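As structure tokens, the structure follows; a few thoughts come after it.
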């Protein structure tokens with residue numbers, strides 16, 4: 001009986017206790033503890049299966065860690081891309097705003113020059129009328145009026161440039177609105193800026209048209 005008890009403890013009880021300790025280690029996350037397989041009975045088969053399970057779990061954990069690292073890298077790249085897109089849209093917004101402001105200032109300056117030309121033309125016409133009534137030589141006045149007409153033509157050329165700038169600005173604003181739509185939530189503020197730039201370009205084009213009409217009226 002003593003020998004049977006010793007054999008039972010040696011061949012069954014102790015191996016089962018070792019198996020239990022291995023399960024505890026695996027449950028605690030320790031997959032590096034070596035599992036020895038010895039003997040040729042049913043207990044041996046349990047040890048072999050336990051070792052296979054440990055190796056499979058170790059591979060699964062390794063794959064999960066690798067996948068997590070790749071996902072982290074992918075997320076970092078997405079964040080960097082979004083930051084770059086946000087920076088580029090902000091730069092485009094600043095450039096459009098600066099272009100629109102310069103165009104508005106240019107339009108105001110040309111408008112003032114056109115008004116001055118109109119007033120000078122009226123003065124020259126009045127002077128010519130007075131000179132003719134008094135029998136004065138009007139060749140100088142005629143030359144002055146020709147110079148005014150030439151200046152008005154140059155202002156008209158500048159108006160054409162303003163029209164072109166307004167057209168290009170409108171196209172840039174449309175492209176910016178498309179980029180803002182692609183950017184989603186981050187591009188919402190930029191879309192508002194693009195809309196304001198389009199409105200400003202439209203107003204500049206309208207102002208240029210009115211100035212052109214004013215010049216034609218003064219020349220005629």
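The table below lists the values:
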| read-out | value |
| --- | --- |
| Residue check for residue 56: farther than 13 Å from residue 15 by Cβ, within 40 Å of the chain's Cα centre (by Cα) and loosely packed, with under 12 Cβ neighbours inside 10 Å | no |
| Only listed residue being over 30 Å from residue 213 (Cβ atoms), surrounded by 11 or more Cβ atoms within 10 Å (Cβ to Cβ) and free of Cβ contacts under 8 Å to residues at least 40 places away in the same chain, chosen from 123, 85, 31 | 31 |
| Residue that is modelled with pLDDT of 75 or more, more than 30 Å from residue 173 (Cα to Cα), assigned by TED's automatic domain parsing to the domain that holds residue 205 and assigned to a helix (DSSP H, G or I), where the choices are 104, 122 | 122 |
| Output for region 34-47, where each listed residue is surrounded by 12 or more Cβ atoms within 10 Å (Cβ to Cβ) and within 16 Å of residue 21 (Cα to Cα) | 35, 37, 43, 44, 46, 47 |
| Residue match in region 68-79 (condition: under 30 Å from residue 180 (Cα atoms) and either in contact (Cβ under 8 Å) with a residue 40 or more places away in the chain or not in a helix (DSSP H, G or I) (or both)) | no |
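Each row is one residue, and each column tells you yes or no for (1) at pLDDT 70 or above; (2) under 30 Å from residue 78 (Cβ atoms).
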| site | (1), (2) |
| --- | --- |
| 109 | yes, no |
| 128 | no, no |
| 131 | no, no |
| 184 | yes, yes |
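The values are calculated or read from the model by the stated rules, or taken from the named source; none is laboratory data. Not measured: the values here are computed from a predicted model. Cβ: placed from backbone, ideal geometry, glycine included. Neighbour counts: every protein chain shown.
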